[in-house]
1. Answer yes or no: is there a residue in segment 94-107 that is surrounded by fewer than 16 Cβ atoms within 10 Å (Cβ to Cβ), at positive phi and not assigned by TED's automatic domain parsing to the domain that holds residue 45.
2. I want to confirm something. Restricting to segment 116-148 and keeping residues that are more than 27 Å from residue 56 (Cβ to Cβ) and surrounded by 12 or more Cβ atoms within 10 Å (Cβ to Cβ), which single residue is modelled with the highest pLDDT?
3. Is segment 4-13 home to any residue that is touching a residue at least 12 places away in the same chain (Cβ under 8 Å), surrounded by fewer than 14 Cβ atoms within 10 Å (Cβ to Cβ), assigned to a helix (DSSP H, G or I) and not assigned by TED's automatic domain parsing to the domain that holds residue 132?
4. Test residue 71 against the criterion of being farther than 22 Å from residue 127 by Cα and assigned to a loop (DSSP other than H, G, I, E, B), and give yes or no.
5. Within segment 105-115, identify whether any single residue is under 20 Å from the mean Cα position of the chain (by Cα) and modelled with pLDDT of 85 or more, and answer yes or no.
6. When you look at residue 50, is it farther than 18 Å from residue 28 by Cα, touching a residue at least 12 places away in the same chain (Cβ under 8 Å) and either outside the structural domain of residue 22 (by TED's automatic domain parsing) or part of a helix (DSSP H, G or I) (or both), yes or no?
């Protein structure tokens, strides 16, 4: 079943069960997808859904860091629950070993000479790992490997 269809069915199920927490998160995702569809003329498909969900998780992680600075554990807990709901819609995440293997394969193909080749490497890796791991982790691993 397509991810977009799954989101819609889960939203209907949350309405029936009166699960406000899940319903609000799914409505936010659906709204963000529709906004992306309208503003950027992007097709409503699984790739768009994964992009939107990944972006929403990243935003919530940033919020958690800010809430921690303000000692707001209640907001941290609520935001953490939202992240857990969102993560259920992402593809299975890559392990550290799988990610390192993909990075090594790309390095063998491109054979970068230094940090100036970061763009080439990211361009090659992004389609392979998008939605399957945190891109900031990927970027940091690549920078580390390029600096050696």
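The values are calculated or read from the model by the stated rules, or taken from the named source; none is laboratory data. Worth saying up front: this structure is predicted, and the values here are computed from it rather than measured. Here the Cβ positions follow ideal geometry from the backbone for every residue, glycine too, while neighbour counts run over all protein chains shown.
1. Looking for residues that are surrounded by fewer than 16 Cβ atoms within 10 Å (Cβ to Cβ), at positive phi and not assigned by TED's automatic domain parsing to the domain that holds residue 45, one finds none in segment 94-107, hence no.
2. 120
3. yes
4. Yes; evaluated as a whole, the condition is true for this residue.
5. Start the filter on segment 105-115 by keeping residues that are under 20 Å from the mean Cα position of the chain (by Cα), which leaves none.
No, because not a single residue in segment 105-115 is under 20 Å from the mean Cα position of the chain (by Cα) and modelled with pLDDT of 85 or more.
6. Numbers: farther than 18 Å from residue 28 by Cα: no; touching a residue at least 12 places away in the same chain (Cβ under 8 Å): yes; either outside the structural domain of residue 22 (by TED's automatic domain parsing) or part of a helix (DSSP H, G or I) (or both): yes.
Here the answer is no, as residue 50 does not meet what is asked.
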